[in-house]
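K.L.:
Just dropping this structure here.
The values are calculated or read from the model by the stated rules, or taken from the named source; none is laboratory data. Everything numeric here is computed off the predicted structure, so don't read it as measured data. Every residue, glycine among them, receives a Cβ derived from its backbone with ideal geometry; neighbour counts consider all protein chains shown. Note: areas computed on protein heavy atoms with side chains; ligands, DNA, RNA excluded. Shrake-Rupley method; radii C 1.70, N 1.55, O 1.52, S 1.80 Å.
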Amino acid sequence: MIHQDKEVKNTKIKTKPSCCSHDEPEHTDHDGHDHDGHDHEHNVEGGWFKMFLPAIISLILLLIGIGFDNYFPQNWFTGYIRTVWYVIAYLPVGLPVLKEAYESIVKGDIFSEFFLMCIATIGAFAIGEFPEGVAVMLFYTIGETFQGMAVNRAKSSIKSLLDQRPDEVSILENNVAVKIKAKEAQIGAIIQLKAGEKLGLDGELISDSASFNTAALTGESKPDTKKKGDTVLAGMINGNTIALVKVTTAYNDSKLSKILELVQNATTKKAPAELFIRKFAKIYTPIVVYLAIAICILPMLFVDHYIFSDWLYRALVFLVISCPCALVISIPLGYFGGIGAASKNGILFKGSNFLDSISTIQNVVVDKTGTMTEGVFKVQEVVIKPEFDKEEILKLVNALESRSTHPVATAIHNYVGQIDPSVELIDIEEISGHGLKASYNGKKLYVGNFKLLDKFGIKYDIDPASIVYTTIAIAFDEKFAGYLTIADEIKADAQETVSKLKALGVKLTMLSGDKSNVVQFVADKLGIATAYGDLLPEDKVNKVNEIKAKNETIAFVGDGVNDAPVIALSTVGIAMGGLGSDAAIETADIVIQDDKPGKIAMAINIGKQTKKIVWQNITLAFVVKAFVLILGAGGLATMWEAVFADVGVALLAILNAVRIQKMKF
């Protein structure tokens, strides 16, 4: 559930320095404190040179030292001088890791990657392998820096979301714009939004029209033109005119607040692979340390010419290559990349576990109204008998329906236009479940369903059951005058959505509370084989349970309050977040921000690609590490090869993980 009292604007995302602290990069809470305990942060703002400066210093000193060792063999570069030189080369990259190792041990986390690196490098110094000791720490640090850059890149789209809401807004007071804190703005206040400014709160547009950039909220690059009375949301960027917006929602209750909270909490729900790797690393790392000790000590009992330094070297090589960095950082990074790629496209996953879940969906169950259709009724056909004046009848119907708040009345008004002031109706009466009646110039006017005509004994010469759309029957002067048909338009990308889902091998089912013949008509038009209408909320629950009884994984997509129970019941619940109800959005596991059904197939694709990348990384890391571990234990791999293999695998896995950011879905 979303806790709307939280302040999410100042949320700061931090990146952990270690891939073996048994957790993924995470963010701090509202007060900015990092609960992980590490203060180091990979900050791209300082520039890549600042990030790599310690490694550059160590690399220069290392190369000079190797040069003196191999190409300038002078007597003075021996003994203490050589040792001090390599210690100085080691310190820029080694001190931060030694510090982290100490802090981890103090917290009780002895077998961290920091600990492995410290043992390996200090051990190399102990047996006189100074260049290799420096190289191990140097390349480890370079790998860590690249990891930080990769994490920041994966988070870029989510960071852009966190920066969408301005802290201040301009409120009109006595026609003068006054800057105040956005959270202090009262409902009903008028915001003056200049060209290029971001809206700080949800509201109603009171200017005649304005164009807004909604890309950060919906992933849609095309500007969205709003008219007077339309809803506009916090985070939208005004176009090239001054717009006036009346605040309708409190700061912490805005759509953007809810989006930010979803993003903020997304990484707390782990995918099974992440949970496994975290547990695996805690068991794996100490086992590796004990195996390294065994490699060093046990041969003493079986090898005739046992040389301690040789077997210690093998153990150190084993330790270097055994670091589970590629797994522990690249797998969470893969999921984080998937969440970021989805949010960039206007799809919010509430946790990485749902990326896994949606990749296995077998049956997508969709609501009709608001999901596959626009949810806005429009007049489709007007049939008026020749003996009546069509224009006059429509004027009368428009005037009578103006007394109703039903969506049908809005559709008729939008079709006919302004109400003719010369039309004076009297004795207006609403008959529940039937329609409206009134008198005009001494003649009775009836507008409603065919049950209304039956009630008053008015004969008609058509079969209402033969008309698919919602039908508004009209009678005037006790005679059947004709009818209008009204329907909810199918969304522009609904047909393409069905095709894409079928291409993914996913079944489709449509459930709706609308009339069965209307639901079947829409389903047939879209190519959905299974459709049910006239369903109450409990009927939808029963239908979903029937599908689940077949052991099929289900994603239910809906937007209304009545959809919340089935959204909660499904394997994955998906809510249309643009016009959807708060209940549906809060219950759902995935929120589609722009209400486009095409994003359903996109979400499944992102889930499948993320899972594929994660398992590629797991396979790559295990295969390469197993191979080099065997070589290291057998004395066939040097520490140079070990460090290149470890860092190389980690970087390959990281590059593979962030690849999803560039994919087109």
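K.L.:
Can you work out the Karplus-derived ³J(HN,Hα) for every residue in region 58-67? Use 6.51 cos²θ - 1.76 cosθ + 1.60 with θ = phi - 60°, whole Hz, and x for glycine or proline.
P.N.:
With the stated coefficients, region 58-67 comes to 4, 5, 4, 5, 5, 5, 4, x, 5, x Hz.
K.L.:
With a cap of 14 neighbouring Cβ atoms within 10 Å, and only residues DSSP puts in a loop, list the trypsin sites (Lys or Arg not before Pro) found in region 443-529.
P.N.:
Working: sites: Lys443, Lys444, Lys451, Lys455, Lys459, Lys479, Lys491, Lys500, Lys502, Lys507, Lys515, Lys525; in loops: Lys459, Lys491, Lys515.
Qualifying residues, ordered by number: Lys459, Lys515.
K.L.:
Output the peptides 414-424, 539-549 sorted from most to least packed, where packing is the average of other Cβ atoms within 10 Å over each peptide's residues. Walk me through the numbers on the way to the answer.
P.N.:
Numbers: 414-424: 12.4, 539-549: 15.7.
Sorting 414-424, 539-549 by mean packing, highest first, produces 539-549, 414-424.
K.L.:
Could you tell me which of rounded, prolate or oblate describes region 587-635, using a ≥ b ≥ c as the square roots of the eigenvalues of the alpha-carbon gyration tensor, with rounded for a/c under 1.5 and, failing that, prolate when a/b is larger than b/c and oblate otherwise?
P.N.:
Values: a/c = 7.84, a/b = 4.50, b/c = 1.74.
Here region 587-635 falls in the prolate category.
K.L.:
Next up: Please sort 100-107, 483-490 by packing, taking for each peptide the average over its residues of neighbouring beta carbons within 10 angstrom, highest first.
P.N.:
On the way: 100-107: 16.2, 483-490: 19.2.
Output ranking for 100-107, 483-490: 483-490, 100-107.
K.L.:
Rounded to the nearest percent, how much of the accessible area of region 417-547 (1.4 Å probe, protein heavy atoms only) is carbon and sulfur?
P.N.:
Values: 3250 of 6500 Å².
Its accessible area is 50 percent carbon and sulfur atoms.
K.L.:
Related question: Using the structure shown, select from Lys228/Lys378; Lys226/Lys390; Lys444/Lys525; Lys500/Lys540; Lys378/Lys437; Lys226/Lys596 the pairs with a Cα to Cα distance greater than 28 angstrom. Numbers along the way, then the final one.
P.N.:
Numbers: Lys228/Lys378 20 Å; Lys226/Lys390 33 Å; Lys444/Lys525 39 Å; Lys500/Lys540 24 Å; Lys378/Lys437 22 Å; Lys226/Lys596 18 Å.
Violating the 28 Å Cα-Cα cut-off are Lys226/Lys390; Lys444/Lys525.
K.L.:
Just to confirm my numbers, what's the Cα centroid distance between region 336-351 and region 456-507 in Å?
P.N.:
37
K.L.:
Just the number, please: carbon plus sulfur as a percent of the accessible area of region 564-665, 1.4 Å probe, no ligands or DNA/RNA counted.
P.N.:
69
K.L.:
How do the peptides 463-476, 334-347 rank, highest first, by the average count of neighbouring beta carbon atoms within 10 Å per residue?
P.N.:
Working: 463-476: 17.6, 334-347: 26.6.
Going from most to least packed, we get 334-347, 463-476.
K.L.:
Is region 451-553 best put as rounded, prolate or oblate by its Cα gyration tensor, with a ≥ b ≥ c the root eigenvalues, rounded for a/c under 1.5, and otherwise prolate when a/b is larger than b/c, oblate when not?
P.N.:
Details: a/c = 4.05, a/b = 2.11, b/c = 1.92.
Note, shape of region 451-553 comes out prolate.
K.L.:
List every residue whose amide H lies under 5 Å from the amide H of Ala637, counting only residues 5 or more places away in sequence or on a different chain, with H placed 1.01 Å from N in the peptide plane.
P.N.:
Placed amide hydrogens put Gly632 under 5 Å from Ala637.
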